[in-house]
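Asks: Shown below is the structure under consideration.
The values are calculated or read from the model by the stated rules, or taken from the named source; none is laboratory data. None of the values given here were measured: they were computed from a predicted structure. Here the Cβ positions follow ideal geometry from the backbone for every residue, glycine too, while neighbour counts run over all protein chains shown.
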Amino acid sequence: MMLRLVGLDEDLLNWRHREHKEGKMGRLQGQVAIIVGASSGMGKATARAFVAEGAKVAVAARREEEIKALATELTGAGGEAISVRADVAKRPDIDAVVQATLARFGRVDVLVNCAGVNTRDRQLALLDQPGWDRIIGINLTGAFHCMQAVLPRMREQKGGLIIHISSISALWGDFSGPAYQASKHGLVGLANATMMEERLNGIRVTVIYPGLCDTPILKNRAVPPTQEQRALMMQPEDIAQACVFAASLPPRTYVSDLVLMPGALQCNGHPVG
């Protein structure tokens with residue numbers, strides 16, 4: 001795991017640091033989070049982890065039944081959650097998510113962008129224009145939509161945290177395909193530029209780069225991994241805990257980049273063994 005922590009000028013921030021009282025409050029007590037791409041995998045695990053730490057969440061994804069069921073599960077466990085169906089590639093959908101969150105909870109402290117897709121026909125010789133447009137539209141343009149929707153309120157609040165789930169593919173070349181890699185590289189550029197522009201507003205941006213993780217996106221591989229390989233991969237809950245960590249830091253500090261890999265399968269982004 002490689003991680004980079006960067007201190008912010010505390011005088012520039014007007015955020016109240018929510019103290020964690022052992023045994024009484026979770027690490028995210030009182031925070032409100034929007035989690036996009038929450039119908040499965042890392043997004044669903046992150047929603048569960050945030051609620052377990054005391055956060056109120058709005059879960060959003062295209063698959064309405066799944067996020068409704070997740071919100072019911074979270075509220076049934078004593079948490080506070082709402083679900084809003086949304087396609088990140090459509091800006092009005094994301095605006096509706098933010099509006100519903102503000103109507104219910106009154107603020108937005110954290111945005112976790114877990115939405116991401118790939119395609120089976122990912123090599124340049126097979127990738128067509130619709131396939132390219134879909135991947136870029138969800139993985140990159142969708143991230144832009146999410147940030148544009150939450151930033152006005154975060155500016156008003158003088159604080160907020162945006163967490164983007166990128167990929168190890170943004171750091172090293174691999175066989176995930178040019179469209180996927182381009183979208184994840186672009187996401188990093190979007191995050192870095194946003195941090196430079198918004199840091200004086202108390203807004204922090206974190207990029208998490210997961211390596212191999214056992215999530216549904218693996219089904220789109222031309223040759224899906226074996227059960228033995230999946231058993232050695234990271235689990236969505238591992239990424240969720242990284243998100244909790246980033247969101248639990250005091251406002252003066254943020255995680256810039258966080259790389260997570262399964263040691264038995266990857267080293268410095270490349271396959272091992």
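Asks: Working carefully through the options Val108, Val88, find the one that is part of a loop (DSSP other than H, G, I, E, B), closer than 22 Å to Ser176 by Cβ and at pLDDT 95 or above. Spell out the reasoning first.
Replies: Values: Val108 fails: closer than 22 Å to Ser176 by Cβ.
After ruling out the rest, the residue left standing is Val88.
Asks: On the basis of being modelled with pLDDT of 95 or more, closer than 20 Å to Met147 by Cα and surrounded by 15 or more Cβ atoms within 10 Å (Cβ to Cβ), does Ala191 make the cut? Please lay out each step first, then the result.
Replies: Values: modelled with pLDDT of 95 or more: yes; closer than 20 Å to Met147 by Cα: yes; surrounded by 15 or more Cβ atoms within 10 Å (Cβ to Cβ): yes.
In short, yes.
Asks: Looking at segment 23-52, I want the residues that are within 20 Å of Arg230 (Cα to Cα) and have a partner that is among the β-branched types (Val, Ile, Thr) and in a loop (DSSP other than H, G, I, E, B) with Cβ atoms under 6 Å, at least 6 apart or on another chain. Which pairs are those?
Replies: Gly41/Thr215
Asks: In segment 134-169, how many are more than 12 Å from the chain's Cα centre (by Cα) and either of a type in the set (S, T, N, Q) or over 18 Å from Met195 (Cα atoms) (or both)?
Replies: So the count comes out to 10.
Asks: Tell me, yes or no, whether segment 256-265 has at least one residue that is crowded, with 16+ Cβ neighbours inside 10 Å, modelled with pLDDT under 85, touching a helix residue (DSSP H, G or I) at 6+ places or on another chain (Cβ under 9 Å) and not in a strand (DSSP E or B).
Replies: no
Asks: Residue check: is Ile217 modelled with pLDDT of 95 or more and either touching a Cys at 6+ places or on another chain (Cβ under 8 Å) or among the β-branched types (Val, Ile, Thr) (or both)? Walk me through how you get there before you give the answer.
Replies: Details: modelled with pLDDT of 95 or more: no; either touching a Cys at 6+ places or on another chain (Cβ under 8 Å) or among the β-branched types (Val, Ile, Thr) (or both): yes.
So Ile217 does not fit the description; no.
Asks: Scan segment 61-85 residue by residue and report those that are under 17 Å from Leu111 (Cβ atoms), hydrophobic (A, V, I, L, M, F, W, C) and not in a helix (DSSP H, G or I).
Replies: Ala61, Ala81, Ile82, Val84
Asks: While we're on this one: So is Ile163 assigned to a helix (DSSP H, G or I), under 26 Å from Lys219 (Cα atoms) and β-branched (Val, Ile, Thr) or not? Spell out the reasoning first.
Replies: Details: assigned to a helix (DSSP H, G or I): no; under 26 Å from Lys219 (Cα atoms): yes; β-branched (Val, Ile, Thr): yes.
Answer is no for this residue.
Asks: Within segment 201-224, is even one residue of a type in the set (Val, Ile, Thr), surrounded by fewer than 21 Cβ atoms within 10 Å (Cβ to Cβ) and touching a strand residue (DSSP E or B) at 6+ places or on another chain (Cβ under 8 Å)? Please lay out each step first, then the result.
Replies: Taking segment 201-224 first, the residues of a type in the set (Val, Ile, Thr) are 203, 205-208, 215, 217, 223.
Imposing the further condition that a residue be surrounded by fewer than 21 Cβ atoms within 10 Å (Cβ to Cβ) reduces the set to 217, 223.
Subset that is touching a strand residue (DSSP E or B) at 6+ places or on another chain (Cβ under 8 Å): none.
No, there is no match, as no residue in segment 201-224 is of a type in the set (Val, Ile, Thr), surrounded by fewer than 21 Cβ atoms within 10 Å (Cβ to Cβ) and touching a strand residue (DSSP E or B) at 6+ places or on another chain (Cβ under 8 Å).
Asks: Is there a residue being touching a residue at least 40 places away in the same chain (Cβ under 8 Å) and in contact with a His (Cβ under 6 Å, 6 or more places away or on another chain) anywhere in segment 180-189?
Replies: Yes, segment 180-189 contains a residue that is touching a residue at least 40 places away in the same chain (Cβ under 8 Å) and in contact with a His (Cβ under 6 Å, 6 or more places away or on another chain).
Asks: Let me ask you something else. I'd like the residue in segment 209-255 that is farther than 24 Å from Gly54 by Cβ and assigned to a strand (DSSP E or B) and, out of all such residues, is farthest from the chain's Cα centre (by Cα).
Replies: Here is the first cut: in segment 209-255, the ones farther than 24 Å from Gly54 by Cβ are 209-234.
Now restrict to residues that are assigned to a strand (DSSP E or B): 209-210, 213, 234.
On the way: Tyr209: 10, Pro210: 11, Cys213: 14, Met234: 16 Å.
Checking each candidate, the answer is Met234.
Asks: Residue by residue through segment 183-208, note down the ones that are over 21 Å from Arg134 (Cα atoms) and either within 12 Å of the chain's Cα centre (by Cα) or not in a helix (DSSP H, G or I) (or both).
Replies: In the first step, residues of segment 183-208 are kept if they are over 21 Å from Arg134 (Cα atoms); the result is 192-208.
Within segment 183-208, Gly202, Ile203, Arg204, Val205, Thr206, Val207, Ile208 meet the criteria.
Asks: Picking from Ala149, Ala170, Ala193, which residue would you name as being under 24 Å from Gln235 (Cβ atoms) and either of a type in the set (A, V, I, L, M) or touching a strand residue (DSSP E or B) at 6+ places or on another chain (Cβ under 8 Å) (or both)?
Replies: Details: Ala149 fails: under 24 Å from Gln235 (Cβ atoms); Ala193 fails: under 24 Å from Gln235 (Cβ atoms).
After applying the criteria, what remains is Ala170.
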